[in-house]
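Data block below; observations after.
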Amino acid sequence: MTQGNPIRWKERLVASGLHLGLSLVIAALAAALVFGLWYPYPYREIAGGRELFLIVIAVDVALGPLITLAVFNRNKPRGELFRDLTIVGLLQLGALAYGLWTVSVARPVHLVFEFDRFRVVHAIEVPEELLLDASGGARSLPLTGPTLLAVRPFRNPEEELTMTMVALQGVPLSALPELWQPYEQAQPRVIAAGKPLSDLRQRLGPQSKLIDAAVEQTGLHDDALRYLPMVARKAFWTVLIDARTAEVRGFIALDSF
């Protein structure tokens, strides 16, 4: 009996290791989905996607191999061993599916110009029953990364008061579909709200290297760019826009409020 124990543990470790390898492959595919589609840069940094995904994957990758280590035993009848491993696999896939669902409902769906700033809107913030009030393609929440939208001007003082009261209750104006309009229609307002980079450099001189790096990536000079602050779930960043077209050209990990 004592001579058999090391062999059984070796077999369990091998089975657990194989399970771990398969789990890592599935985790890599899940990461490609999450960071390639749902949370592209910079949203993985500012929308909490990376931390949430890592928690989900860490638990899931550890869960299956550890249970396999506990239940794997070649002395079991083949049918019983197959049943046990099938249950382990189903539990792991169920945990992964729930985790990915949690990540998906927290995903950023729109980057919305909101009067004097950009705001990242997440799927969970948008009341689904109000999506029919949105115009055109904005009636569905994208699964391939955030799209650009703008908050339209208020139609009258009564609407402004009503929407302000809604915002005071915790729902950002940029998350209300009835206020969405195509970003292109807001181009003049975006350009007018944009601020010259010279102001940003003067205010945030110690972070000039971050500004320089972001500007270089745009391929434009300071005079051809404007900046606006961006509100996200975890942080305040800065958006660089083209001074002529309002096209979003880059992001800076700086709070410019």
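The values are calculated or read from the model by the stated rules, or taken from the named source; none is laboratory data. Given the structure is predicted, the values throughout are model-derived calculations rather than measurements. Note: ideal-geometry Cβ built from the backbone for every residue, glycine included; neighbour counts use all protein chains shown. The protein model used for the area step is the full one, side chains on, heavy atoms only, and it has no ligands, DNA or RNA in it. Shrake-Rupley method; radii C 1.70, N 1.55, O 1.52, S 1.80 Å.
Annotations for the structure displayed:
- Beta carbons closer than 8 Å, at least 6 apart along the sequence or on distinct chains, pair a first residue in the range 74-96 that is under 17 Å from Ser16 (Cα atoms) with a second that is open to solvent by 60 Å² or more (accessible area, probe 1.4 Å) and part of a loop (DSSP other than H, G, I, E, B) for Leu81/Arg74.
- Among residues of the range 154-196, those that are among the hydroxyl-bearing types (Ser, Thr, Tyr) and either more than 15 Å from Glu114 (Cβ to Cβ) or free of Cβ contacts under 8 Å to residues at least 40 places away in the same chain (or both), counted: 2
- Among residues of the range 45-57, those that are in a helix (DSSP H, G or I) and either polar (S, T, N, Q) or out of contact with any helix residue (DSSP H, G or I) (no Cβ under 9 Å at 6 or more places or on another chain) (or both), counted: 4
- Candidate set from the range 58-88 (those that are among the small types (Gly, Ala, Ser) and out of contact with any helix residue (DSSP H, G or I) (no Cβ under 7 Å at 6 or more places or on another chain)); member that is farthest from Trp237 (Cα to Cα): Gly79
- When we screen Asp212, Asp222, Asp199, Asp255 for residues that are surrounded by fewer than 20 Cβ atoms within 10 Å (Cβ to Cβ), farther than 16 Å from Val112 by Cβ and within 25 Å of the chain's Cα centre (by Cα), the only hit is Asp255.
- Cβ-Cβ distances below 7 Å connect the following pairs, each with a first residue in the range 203-232 that is over 16 Å from Thr245 (Cβ atoms), a second residue that is part of a helix (DSSP H, G or I) and of a type in the set (Gly, Ala, Ser), and a separation of six or more residues or different chains: Asp222/Ser198.
- Residue within the range 80-92 that is under 15 Å from the mean Cα position of the chain (by Cα) and not aliphatic (A, V, I, L, M) present: no
- Only one entry in Pro157, Pro146, Pro153 is at pLDDT 90 or above, of a type outside the set (S, T, N, Q), surrounded by fewer than 14 Cβ atoms within 10 Å (Cβ to Cβ) and closer than 26 Å to Ile241 by Cα, namely Pro153.
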